[in-house]
Amino acid sequence: MSDKMQELWGIPESQGLDALFIVSRANQRYLEGFTGADCFMLASREGNYLIADSRYTEMAESECRSASVVPHRAPNPPLQDVVARLAREGGLRKIGFERDKLIWGLYDDIAKALEGAGAELVPASSLVERVRARKTADEAGLIEAACGIADKALDGVLPVIKAGISELDLKTELDYRIRTGGAEDGAFDTMVLFGARPSQPHANSRRDVRLKAGDFILIDYGACHDGYRSDTTRTFVFGKASDEQKLAYKTVLKSQEASLEKVFPGSNGRDINDLALGIIRGAGLPAFEYGIGHGVGLEIHEEPFMRQNTDVILEAGMVVTIEPGTYQPGWGGIRIEDTVLVTPDGHKVFTHFPKELMEL
């Protein structure tokens with residue numbers, strides 16, 4: 001991580017910041033290996049402080065790579081007073097904060113306390129995330145392992161898919177196989193949708209929706225392995241697929257495979273998104289609106305985000321999803337998604353579950 005840390009600290013210093021106040025659990029884990037919750041980090045080139053209450057102090061001391069663990073909350077001083085003291089002792093004047101993650105109440109309390117220490121909070125965006133976007137070989141290996149666990153889990157759950165099973169029961173079966181297959185948890189809340197319900201790109205699985213002949217089955221799921229996540233979507237048809245279903249599936253698959261070919265260093269995520277949209281719309285189908293893909297790592301959605309209104313240049317080491325789809329209310333939806341590593345000379349697909357249309 002030494003090269004990554006050197007890169008990280010060059011960013012806030014270039015913006016005139018002395019330190020970062022970090023709320024994000026993923027960023028705390030990235031910087032120090034801490035896996036707990038409800039804690040805060042004050043990080044600078046001179047050293048990191050993990051500010052925790054008594055529930056997490058022992059855990060933090062055992063997990064943190066280098067950070068000093070500082071207690072807050074009764075019987076210790078409140079968080080804002082601890083941050084102000086550390087700023088005063090460290091000569092910190094401008095402290096960047098995660099503007100998209102720090103709630104107003106905490107900001108207000110800390111900002112007022114810092115005034116007395118001659119310091120101030122300065123909004124900053126995605127500084128740690130920018131470095132996290134390019135994975136080390138070890139990080140990529142953990143994501144690839146998570147994809148392998150997920151592939152095996154989906155393959156193992158296929159035999160339980162029978163007429164009458166509910167969305168929620170199939171979701172529960174898949175989650176069980178993910179955990180018993182080597183994952184510490186699912187990468188996110190698994191989504192299993194039947195029939196016309198896959199027209200909703202994100203919906204909750206229900207116990208009262210049961211599988212019947214001709215239904216779409218859309219499964220969006222992943223595994224979490226040592227903190228790193230995978231993301232896969234596959235769409236099936238239960239029983240015989242109609243000609244309309246087959247044609248729509250063929251179009252989405254063509255869109256996904258064409259998009260994959262454009263994943264390489266220097267490629268613009270906006271162009272990949274537009275290519276996928278053009279293929280689906282060109283076939284007369286309604287196309288996805290959420291963006292062709294996103295980064296995957298310690299979080300299921302992280303930098304980079306590839307959308308039609310954003311220029312994002314892919315770099316070697318980034319791990320992204322490619323997930324075009326078509327969604328028609330009252331009819332159903334189809335999404336095909338892989339997790340992909342950008343390599344120096346192209347890309348490597350980490351998800352290997354077959355993509356040809358399966359009639360289960």
Odd one out for THR310 among (1) assigned to a loop (DSSP other than H, G, I, E, B); (2) touching a helix residue (DSSP H, G or I) at 6+ places or on another chain (Cβ under 7 Å); (3) modelled with pLDDT of 95 or more: (3)
With ALA84, ALA43 as the choices, which residue is crowded, with 19+ Cβ neighbours inside 10 Å, closer than 30 Å to ALA137 by Cα and in contact with a Leu (Cβ under 6 Å, 6 or more places away or on another chain)? ALA43
Hits in the stretch 221-238 (condition: farther than 26 Å from TYR249 by Cα and crowded, with 22+ Cβ neighbours inside 10 Å): CYS224, HIS225, TYR228, ARG229
Out of LYS348, LYS355, I need the residue that is among the basic types (Lys, Arg), surrounded by fewer than 22 Cβ atoms within 10 Å (Cβ to Cβ) and part of a loop (DSSP other than H, G, I, E, B). Which one? LYS355
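Yes/no matrix, rows are residues, columns are (1) surrounded by fewer than 21 Cβ atoms within 10 Å (Cβ to Cβ); (2) at pLDDT 95 or above; (3) within 25 Å of GLY317 (Cα to Cα); (4) out of contact with any Cys (no Cβ under 8 Å at 6 or more places or on another chain):
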| residue | (1), (2), (3), (4) |
| --- | --- |
| ASP138 | yes, yes, yes, yes |
| CYS147 | no, yes, yes, yes |
| ALA150 | no, yes, yes, yes |
| ALA153 | no, yes, no, yes |
| ILE165 | yes, yes, no, yes |
| ALA203 | yes, yes, no, yes |
Any chance the stretch 159-166 includes a residue that's touching a strand residue (DSSP E or B) at 6+ places or on another chain (Cβ under 9 Å) and part of a helix (DSSP H, G or I)? no
What are the residues in the stretch 223-267 that are of a type in the set (D, E, K, R), at negative phi and within 19 Å of the chain's Cα centre (by Cα), if any? ARG229, ASP231, ARG234
What are the pairs with Cβ atoms under 6 angstrom where one residue, in the stretch 344-359, is at positive phi and the other, located anywhere, is surrounded by fewer than 18 Cβ atoms within 10 Å (Cβ to Cβ) and part of a loop (DSSP other than H, G, I, E, B)? Sequence gap at least six, or different chains. GLY346/PHE264
Odd one out for GLY91 among (1) closer than 18 Å to GLY16 by Cα; (2) crowded, with 17+ Cβ neighbours inside 10 Å: (2)
LEU106 crowded, with 21+ Cβ neighbours inside 10 Å and over 20 Å from GLU302 (Cβ atoms): no
For the stretch 103-140, name all the residues that are of a type in the set (D, E, K, R) and in contact (Cβ under 8 Å) with a residue 12 or more places away in the chain. ASP109, LYS112, GLU120, GLU129, ARG130, ARG132, ARG134, LYS135, GLU139
Hey, among VAL157, VAL192, VAL128, which residue is outside the structural domain of ARG229 (by TED's automatic domain parsing), surrounded by 19 or more Cβ atoms within 10 Å (Cβ to Cβ) and touching a helix residue (DSSP H, G or I) at 6+ places or on another chain (Cβ under 6 Å)? VAL128
State all residues of the stretch 62-81 that are loosely packed, with under 14 Cβ neighbours inside 10 Å and within 30 Å of ASP226 (Cα to Cα); if no residue qualifies, say none. SER62, ARG65, SER66
Filter result (surrounded by fewer than 23 Cβ atoms within 10 Å (Cβ to Cβ) and touching a Gly at 6+ places or on another chain (Cβ under 9 Å)) within the stretch 315-326: GLU315
For the stretch 244-272, which residues satisfy the criterion of being surrounded by 22 or more Cβ atoms within 10 Å (Cβ to Cβ), free of Cβ contacts under 8 Å to residues at least 60 places away in the same chain and assigned to a loop (DSSP other than H, G, I, E, B)? none
Check on GLU315, part of a loop (DSSP other than H, G, I, E, B), assigned by TED's automatic domain parsing to the domain that holds ALA203, at pLDDT 95 or above and of a type outside the set (Lys, Arg): yes
Of the criteria (1) in contact with a Leu (Cβ under 8 Å, 6 or more places away or on another chain); (2) within 30 Å of GLN28 (Cα to Cα); (3) of a type outside the set (A, V, I, L, M, F, W, C), which one GLU323 fails: (1)
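The values are calculated or read from the model by the stated rules, or taken from the named source; none is laboratory data. A quick note: this is a predicted structure, and the numbers were derived from the prediction, not measured. Virtual Cβ from ideal backbone geometry, glycine too; neighbours counted across all protein chains shown.
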